[in-house]
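These notes are about the structure you will find just below.
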Amino acid sequence: MTQTLPTAAVLGARAFAALAGLNRFSDEPGKLTRLYLSPAHRQAAEWTRGAMEVAGLSAHIDAAGSVQGRREGAKPGAPSVMIGSHIDTVKDGGRFDGNLGVVAGILVAQALRDAGIVLPFPLEVVAFGDEENVRFPTSLSTSRALAGEYRQEWLDGRDTDGITLRDALLGFGCDPLGIPALARPPASVAAYLELHIEQGPVLEAEDEPVGIVTAINAQKRARVRVTGEAGHAGTVPMRLRRDALAAAAEMALALEEIASAHDQAVGTVGVFRPDPGATNVVPGAVDFTIDFRCPRNDTLASMDRAIATRFAEIAERRGVSLAISPYSHDDATPMAEPLQEALAAGIARTGANLKARRLPSGAGHDAMAMARLCPAAMLFVRNEKGISHSPLEAMTEADAGIAIRVMLETVLELARRAA
Ligand code: GLV
Ligand code: MN
Ligand code: MN
């Protein structure tokens, strides 16, 4: 049966050609910036729907802006196998983060259709749109919609231009009232598989093209607002100032210190906006974000307490007020053992003598949300120099091809198990 399937080299070439098509769509010329529900996201979603249809899937853009494709299998009503990832990006992001996983799903569907293989289960491919959570204060909202964990209050969240998520959805052509109906019934999805660039250096250091994810780290994010008192930069004496930026800067350093003191933890201030932001004005307020992560839930809780205590102490000492608004909190998410085994079988079946290297994920993924609905697993692809969330993000065509071939073999392994 497998003789008619495309080789890894062919799949790699197809993937890079498809990525060149998909990554034409950006909100910023000369960069890859594709924020959730932006015009470039709309174009990318249309492109993805078209590519799914060419691959033999029936496809549509759903009420949350995800592109969903599906081909029925031999057993009507059987739980599906879903391959997914995301087509939104960070600002000035890389070409592979999310996009490769979507393209991989489409190429797997196309290869199976071309080989005339009818699976015992429906095959679904989903391109989520809100994995990066850059624009709105949400948490994996598009995959959580399928998992039945969408939070209605997200719809009132605003981007930096003051646009609510509800209005952005309407502008994209989506019906926010249709989001609850996206929730999949329990047991309707048998497996969720996601291929993703590693976004780290481990596979490169070990000279392995692919690896199997064991678990995704716990993570928490919050928006923080520090309010002091604006004043004239030339006239307000230092001892009388309530400088919001100086206080916020001290908080950013405190976060760095707290993360460095906890085992395998990381902490980041990625957005920092002083108000009014003028050379000759003492900053009256600062909005910033915090993002902290680690492998263990209890460590995350202890970091959370340390952050609250230190930030409050800094605010008190500097006479500024502080509001911390958490908007995303995920426990550490183990990946399903039987699916990790299926990926290992897929790796073995490529015949390329590869190791089934296991590794945890420091980055967040839609698989975290989908794991709340169904067994979920991830395959990582080697990332040159481990650089991601950057235009320098890179991988070889050969590695992309091997990884997609592994996904194809894994779906066939699941078909054997279901037969
Ligand atoms: C997603 O890329 C994240 O982990 O921030
Ligand atoms: Mn990603
Ligand atoms: Mn990312």
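Throughout, read-outs are computed from the coordinates displayed, never taken from laboratory work. What you see is a predicted model, and the numbers here were worked out from it, not measured in a lab. Neighbour counts run over all protein chains shown; Cβ positions are idealised from the backbone, glycine included.
Of note:
- Residues residue 253 and residue 341, FRET efficiency given R0 of 41 Å [Cβ-Cβ distance, rounded to 0.05]: 0.40
- Förster-model FRET efficiency, 30 Å R0, residue 187 and residue 396, C-beta, rounded to 0.05: 0.20
- Counting only alpha carbon atoms, the long axis of helix 297-318 and the longest principal axis of the chain meet at about 20°.
- Degrees between helix 8-22 axis and first principal axis of the chain (Cα, 0 to 90, nearest 10): 50
- What the Cα atoms of the range 1-91 give is an Rg and a Dmax of 15.3, 47 Å.
- For the chain, the C-alpha radius of gyration divided by 2.2 N^0.38 Å, with N the number of residues, is 1.03.
- Value at 222 nm in deg cm²/dmol, rounded to 500, when DSSP H runs of n ≥ 4 in the chain each add -39,500 (n - 2.57): -11000 deg cm²/dmol
- When the range 218-330 is reduced to its Cα atoms, the Kirkwood hydrodynamic radius in Å: 14.4
- Taken as Cα centroids, the range 404-419 and the range 290-365 sit 29 Å apart, rounded to the nearest whole angstrom.
- Projecting the Cα atoms of 213, 367, 233 onto the dipole axis of the chain, where Lys and Arg carry +1 and Asp and Glu carry -1 at the beta carbon, places 367 farthest toward the positive end.
- Between the range 43-71 and the range 205-231, the alpha-carbon center distance in angstrom: 29
- With θ taken as phi - 60° and the Karplus curve 6.51 cos²θ - 1.76 cosθ + 1.60 applied, the whole-hertz 3J(HN,Hα) list for the range 44-54 is 5, 5, 5, 4, 5, 4, x, 5, 5, 5, 4 Hz, x standing for glycine and proline.
- Rounded to 5, the percent of DSSP beta bridges in the chain classed as antiparallel: 70
- 0 to 90° range, to nearest 10: angle between helix 244-261 axis and the chain longest Cα axis: 50
- For the range 18-129, share of DSSP beta bridges that run antiparallel, in % to the nearest 5: 60
- Rounded, prolate or oblate (a/c below 1.5 giving rounded, otherwise prolate when a/b exceeds b/c) for the range 296-419 by Cα gyration tensor: prolate
- Taking the average, over residues, of other Cβ atoms within 10 Å as the packing measure, peptides 157-168, 36-47 rank 36-47, 157-168 from highest down.
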